[in-house]
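These notes are about the structure you will find just below.
Values in this text are rule-based calculations from the coordinates and carry no lab data. Quantities reported herein were computed from a predicted structural model and do not represent experimental measurements. So basically every Cβ, Gly included, is an ideal-geometry build from the backbone, and we count neighbours across all protein chains shown.
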Amino acid sequence: MKVLFLFIDGLGLRSAAKDNPVHSGICPVLCRLIDKYSVPIDACLDTPGLPQSATGQTTMFTGVNAAQYMGRHCEGFPGPSLRKIITENNLFMELSRKGLRCRFADAYAVDNVDDLHTRRFKSVTTVMALTQPDTIAVQDDLLANQAVSHDITRKILNEKGHDIPMVRPSQAAEHLVEVARSYDFTLFEFFQTDLAGHSRDYQHACLVLSLLDEFLDAVYELCRTTGVLLILTSDHGNIEEIGVRGHTRNPVPFITCGPDAEKLQTHMTSLADIMPGIARIMVPGYTRISSNQ
């Protein structure tokens, strides 16, 4: 089985409202996937306060309820305690131990993996990827169309002075699905949605969602025709309530299309169920070792 996991940062579920740009007029493909293929899951993790990226993503990729472990939601980049949870066990490690090949498809704008170790601030996905360095894509991979830019089109890299040809969202989708067909499990992270939510700029949020939707349209069709299991979810809400600066306590969608999609959704209720759920469908006889949830 080939699995493509789209992690869309800051995307929650909310009914129609004037300050909710997540609607069929802006992102019809995303809305159709939510309506047809998703279940709502909890991102609050039985912890007071607003869900945050560091604890939410740690929970998503380790199966450990990081917010409860820390006693609070932690924003931004993971600190020492969260990094310890991630480096002890994560989804990439779990699948790699069983002989499955994983890939983090977001290309880093570096020449080699060693350059990432010197970064002071590392995201949850970077910390996870560094535990399995062969999962990491760098600039040469992007130039060879064997990875995808975090903003899909490579526009941001060009604005920062990188001489890399831009691509259309549909081209980036083709590159991503080709990567997914070459590996057992592929992860792509898109965080422009969260940045747009924090901007409180409705028009900017619409532009980001429209670009994402064009990308999703091609990704979905390519996964459907090639038999790749597509998963899409988020770490917390944000862009669906553009009138507030912070995150929301709304549930997030857990979308699955393709082989074993319904099986994967069974018992999927919160971010803590994602890592063990994926491991169960990809690793025959998988049993969870840790009960620290």
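General remarks:
- If the chain linking Asn112 and Ser24 were pulled fully straight, counting 0.36 nm for each residue of separation and taking away their Cα-Cα distance, it would gain 27.6 nm.
- Stretched out straight at 0.36 nm per residue, the stretch from Ser15 to Arg245 would grow longer than its current Cα-Cα span by 81.0 nm.
- Under 15 Å from the Cα of Lys18 - aspartates and glutamates, other chains or at least 8 residues apart: Asp201, Glu240, Glu241
- Taking 13 Å as the straight-line reach from the Cα of Lys2, the aspartates and glutamates in range (excluding those fewer than 8 positions away in the same chain) are Glu178, Asp184, Asp260.
- Each part gets one Cα centre, and for the stretch 127-141 versus the stretch 217-293 those centres are 22 Å apart.
- Assuming charge only on the beta carbon of Lys and Arg (+1) and of Asp and Glu (-1), the dipole of the chain about its Cα centre is about 560 debye to the nearest 20.
- Backbone phi angles across the stretch 115-132, fed through the Karplus curve with coefficients 6.51, -1.76 and 1.60 (θ = phi - 60°), yield HN-Hα couplings of 4, 6, 5, 7, 5, 5, 9, 10, 5, 4, 5, 5, 4, 5, 4, 5, 6, 9 Hz in residue order; Gly and Pro are listed as x.
- Residues whose amide H falls under 5 Å from that of Gly237, counting only those 5 or more places apart or on a different chain, are Thr248, Asn250, with hydrogens built in the peptide plane.
- Inter-probe distance in nm under a simple model that places probes 7 Å from Cα toward Cβ, at Val283 and Ser81: 2.6
- Centre separation in Å (Cα based) which lies between the stretch 7-72 and the stretch 145-180: 25
- Computed label-point distance, nm, for sites Lys160 and Ser199 using a 7 Å Cα→Cβ extension: 1.7
- Cross-link pairs Lys98/Lys263; Lys84/Lys263; Lys122/Lys155; Lys98/Lys122 - those with Cα-Cα distance over 29 Å: Lys84/Lys263
- Proximal aspartates and glutamates to Lys160, defined as alpha-carbon separation beneath 19 angstrom and excluding residues fewer than eight positions away on the same chain: Asp106, Asp111, Asp115, Asp140, Asp141, Asp151
- Based on alpha-carbon atoms, the Kirkwood radius and the radius of gyration of the chain give Rg/Rh equal to 0.93.
- Each peptide in 93-102, 50-59, 112-121 gets a packing score, the mean of other Cβ atoms within 10 Å over its residues, and the list from highest to lowest is 50-59, 93-102, 112-121.
- In Hz, Karplus ³J(HN,Hα) per residue of the stretch 257-267 (6.51, -1.76, 1.60; θ = phi - 60°; x = Gly, Pro): 9, x, x, 6, 4, 5, 4, 5, 6, 4, 6
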